[in-house]
Amino acid sequence: MSASTSAPKVRFEKTPNPQTFRFSLVGSDMVFAETPIAYSSAAEAQFAPLAKKLFGFPWASGVFVGRDFITVTKQDWVDWDIIAEPLAGLIEEHIESGAPIVSAVGSSSASGESPSTGSTSAGGSARHAVNPQDSAAIVLIKRVLDDEIRPMVAQDGGDVVFSKYEDQVVYLHMQGSCAGCPSSTMTLKMGIETRLKDALPEIKEVVSV
């Protein structure tokens, strides 16, 4: 579906989180943000013009800017049937105006949770940086996240960012449509935890922070 027949077309679709929709451009390879960034308020979005504009609506509770998509999370007192199409039109209008989605300052400083190595994962998100102090286990966890899990989650408008590995427990940040999603616990335990334990049997648990 689209709010307009003129290019660029913004398509919106449901995600596993009923409060979150995913918005993307049809037939475009435009990069919205090299590093995915999550915003929960207009104050946090001061360097993200489009997200700041979206927080001008009282029903907006979260905006996640992925590499080639945006997810918007609403309050439960408004229906997507009412706001989805006008919202797609607003996003399309912003893109057509040539205004930045995320400023250079914002893209480099707003989110330190998903550091980039200068390359992208299979799903288009910036890969986790591999640091000299990382253990072999952490390197493996980051690789599985980037190569297998994050591309799958991105299709539903979300992202999963490594936080730390401590006492055989993996701590992850769930972002975009994954944050607050009713099915995120199942995704975390039945999907992500199972795959990471397959790759690294020493892992006891995977938890969201």
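The values are calculated or read from the model by the stated rules, or taken from the named source; none is laboratory data. Keep in mind the model is a prediction, meaning the values are calculated, not measured. We place every Cβ from the backbone using ideal geometry, glycine too, and count neighbours over all the protein chains shown. Heavy atoms of the whole protein, side chains included, go into the accessibility calculation; ligands, DNA and RNA do not. Shrake-Rupley method; radii C 1.70, N 1.55, O 1.52, S 1.80 Å.
In table form, for the structure just shown:
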quantity: Answer residue from region 8-18, given it is surrounded by fewer than 20 Cβ atoms within 10 Å (Cβ to Cβ) and part of a loop (DSSP other than H, G, I, E, B) and is nearest to the chain's Cα centre (by Cα) among those; calculated: 16
quantity: The lone exception for residue 112 - which of (1) at pLDDT 75 or above; (2) farther than 13 Å from residue 67 by Cβ; (3) open to solvent by 10 Å² or more (accessible area, probe 1.4 Å) it fails; calculated: (1)
quantity: Pairs where the first residue, in region 30-50, is over 13 Å from residue 99 (Cβ atoms) and part of a loop (DSSP other than H, G, I, E, B) and the second is open to solvent by 40 Å² or more (accessible area, probe 1.4 Å) and among the polar types (S, T, N, Q), C-beta under 7 Å, 6+ apart; calculated: 33/107; 34/107; 34/116; 35/107; 35/116
quantity: Inter-residue pairs, beta-carbon under 8 Å, first over 18 Å from residue 49 (Cβ atoms) and in region 79-99, second open to solvent by 40 Å² or more (accessible area, probe 1.4 Å), 6+ apart; calculated: 80/14; 83/57; 84/1; 85/1
quantity: Residues within region 81-109 that are open to solvent by 80 Å² or more (accessible area, probe 1.4 Å), modelled with pLDDT under 90 and either closer than 13 Å to residue 23 by Cα or in contact with a strand residue (DSSP E or B) (Cβ under 8 Å, 6 or more places away or on another chain) (or both), tallied; calculated: 0
quantity: Members of region 129-150 found to be under 24 Å from residue 72 (Cα atoms) and either in contact with a Leu (Cβ under 9 Å, 6 or more places away or on another chain) or surrounded by fewer than 16 Cβ atoms within 10 Å (Cβ to Cβ) (or both), listed by number; calculated: 145, 149
quantity: Residue in region 23-80 that is surrounded by the fewest Cβ atoms within 10 Å (Cβ to Cβ), counting only those that are under 18 Å from residue 92 (Cβ atoms) and acidic (Asp, Glu); calculated: 29
quantity: Scope region 151-170; condition in a loop (DSSP other than H, G, I, E, B), crowded, with 16+ Cβ neighbours inside 10 Å and either of a type in the set (D, E, K, R) or modelled with pLDDT of 90 or more (or both); matching residues; calculated: 156
